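A quick write-up on the structure given underneath.
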Amino acid sequence: MWGESLEAVGPEPAKISNEEFIARQQRLFSQLRPNDLLIVTAPHESTRSNDVHYPYRSSSDMLYLCGWQDPEAVFTAYNDDGNWITTLFVQPKDILQEIWEGRRPGVEGAVKDWPIDNAVSHEDLEDSLSEMLVKCSRIVVKLGVDSVVDGLVDNEIKSNSRDRQKFGLGPVSIIDPSRMINELRLRKSNAEIELMRHSAKIAAQAHIQAMANTKPGVGEWQLEGIIEGLFKYCKTSGSAYPSIIGSGENATILHYTVNDDTCDDGEVILIDAGCEYNGYASDITRSWPVNGKFSEAQAEIYQIVLDAQLAAIDQCRVGNTYDAPHNAARRVLAEGLIRIGVIAQDLEEALGPDGDLKNWYMHNTGHWLGMDVHDVGVYRPDDEPRLFEEGMVITVEPGLYFGAWRPDVECPERYANIGIRIEDDVLITKDGPDVLSDDCPKTIANIEALVGTA
Ligand code: GLY
Ligand code: MN
Ligand code: MN
């Protein structure tokens, strides 16, 4: 059923190489002090009920620095005479556990195939980490992720050992490495870009399949099944976030995820869905008429949002501020709503803090995208807007939402329950914006040509 989509996605790109992981580690270490102990943690497995766990996903920082995906991992690094020595704590080999839950690389497999110097069984975490802790003067760790590590760090900081008193040994402060790691993650390498492009290509095909399978009477959940089935068929780990599949008034709820309604003739459906491929997210939204033909009113709103999106994408250029796309989108949206009589204010008023634009457009136009769908990276370092650089990836996702169910505003009847968002994933390059998700149709003509054709 999905062979054509898979073919359109194209061959799988290379995974991140161990050389690249080591280069990432070195870039981080170059910002540390010789007496630092770096500890990178991952969440514990979480129980769904009894002995059933939620699918495990490690922390993005763990995946970024060494690619280790299994639970109970802790990555550490300390400096030994100028060299940074890395140690990964891993689940040990355990035949019984492996019979039930799957093979484990164990200590030997980890050290052989992963970009680390040493591997140690997680069972020895307490002893080994405590030994490392007493030798450092600063602990570089993000607290609040692994309660066991937090406890060991806390103990060590509080301890009043003889060595500390006599020789001044032992950690005296904790710093969070997130800012340093986030800055690295914000700028994508060529290998990361290819993974993100692949992720976006899969998500684009999923939207194309959903459009083709949309007809009055189809269930939101059925389109969800098609989208998420294709994600799996294309060898992703699944959705990067819960799919938003909203028809009619559900399209006016920004993060609607119930997806249990039937799509009716005359409604618009909004689908916001993306996958995670080898650790990298895509995030695409498209909106289309359930019956395959935009009504006049729907087309008016759609075209305003599309014009806003194109104006915003055009702002995704090296040297522009991160909020230039947002400002451009808001301006085009406000102009459009004034033109069609929804806003009875002048442009500057409509855009201002008391302006009416926010009644119909109440979110930002984008966010960083990478290993996390809402990816890391401070937008206003030192309280100045960040400037776009090559290799950053940002979503561009303006929308207009006319929820007739809302008691707080009076919805114009002509546009009742029209919800439109158009979202693409944009890479900043020296040659201008590169839309990673541009396989996904978005002009009115291209969408109408596709909806309901399956
Ligand atoms: N999919 C969530 C968002 O677009 O931010
Ligand atoms: Mn988004
Ligand atoms: Mn989205």
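Take the residues in the stretch 376-419 that are closer than 16 Å to Glu267 by Cβ and among the charged types (D, E, K, R), then tell me which one is nearest to ligand 1 (Cβ to nearest atom).
Arg414
Go through the stretch 131-144 and give me each residue that's more than 14 Å from Leu38 (Cβ to Cβ) and surrounded by 14 or more Cβ atoms within 10 Å (Cβ to Cβ). Explain how you work it out, then say what you get.
If we filter the stretch 131-144 for residues that are more than 14 Å from Leu38 (Cβ to Cβ), which is where we start, we get 131, 134, 144.
If the condition is that a residue be more than 14 Å from Leu38 (Cβ to Cβ) and surrounded by 14 or more Cβ atoms within 10 Å (Cβ to Cβ), then Val134 is the only one that fits.
Please work out if Ile226 is farther than 30 Å from Trp68 by Cβ and either in contact with a helix residue (DSSP H, G or I) (Cβ under 9 Å, 6 or more places away or on another chain) or among the hydrophobic types (A, V, I, L, M, F, W, C) (or both). Walk me through it before giving the result.
Numbers: farther than 30 Å from Trp68 by Cβ: yes; either in contact with a helix residue (DSSP H, G or I) (Cβ under 9 Å, 6 or more places away or on another chain) or among the hydrophobic types (A, V, I, L, M, F, W, C) (or both): yes.
Yes, satisfied.
Within the group Arg414, Arg406, Arg421, which residue is among the charged types (D, E, K, R) and surrounded by 19 or more Cβ atoms within 10 Å (Cβ to Cβ)?
Numbers: Arg414 fails: surrounded by 19 or more Cβ atoms within 10 Å (Cβ to Cβ); Arg406 fails: surrounded by 19 or more Cβ atoms within 10 Å (Cβ to Cβ).
Arg421 is the lone residue from the list that is among the charged types (D, E, K, R) and surrounded by 19 or more Cβ atoms within 10 Å (Cβ to Cβ).
Would you please name the residue that is nearest to Ser282 (Cα to Cα), looking only at residues in the stretch 319-375 that are surrounded by fewer than 17 Cβ atoms within 10 Å (Cβ to Cβ) and within 16 Å of ligand 1 (Cβ to nearest atom)?
The qualifying residue nearest to Ser282 (Cα to Cα) is His374.
What number of residues in the stretch 45-71 are buried (at least 19 other Cβ atoms within 10 Å of the Cβ) and either at pLDDT below 95 or not polar (S, T, N, Q) (or both)?
Residues in the stretch 45-71 being buried (at least 19 other Cβ atoms within 10 Å of the Cβ) and either at pLDDT below 95 or not polar (S, T, N, Q) (or both): 8 in total.
Which members of the stretch 121-152 meet the condition of being part of a helix (DSSP H, G or I), of a type in the set (S, T, N, Q) and either in contact with a Cys (Cβ under 6 Å, 6 or more places away or on another chain) or within 16 Å of Ala77 (Cα to Cα) (or both)?
The first filter runs over the stretch 121-152 and keeps only residues part of a helix (DSSP H, G or I), leaving 122-135, 147-152.
Then drop every residue that is not of a type in the set (S, T, N, Q), which leaves 128, 130, 147.
Correct list: Ser128, Ser130.
Do we find a residue being over 16 Å from Gly452 (Cβ atoms) and touching a Cys at 6+ places or on another chain (Cβ under 6 Å) anywhere in the stretch 262-278?
Filtering the stretch 262-278 down to residues over 16 Å from Gly452 (Cβ atoms) leaves 270, 272-278.
Then keep just the ones that are touching a Cys at 6+ places or on another chain (Cβ under 6 Å); that gives none.
No, every residue in the stretch 262-278 fails to be over 16 Å from Gly452 (Cβ atoms) and touching a Cys at 6+ places or on another chain (Cβ under 6 Å).
Could you list all residues from the stretch 429-452 that are touching a residue at least 40 places away in the same chain (Cβ under 8 Å), of a type in the set (A, V, I, L, M, F, W, C) and more than 16 Å from ligand 2 (Cβ to nearest atom)?
Correct list: Ile444, Ile447, Leu450, Val451.
The values are calculated or read from the model by the stated rules, or taken from the named source; none is laboratory data. These numbers come from a predicted model, not from an experiment. All Cβ positions, glycine included, derive from the backbone under ideal geometry; neighbour counts span all protein chains shown.
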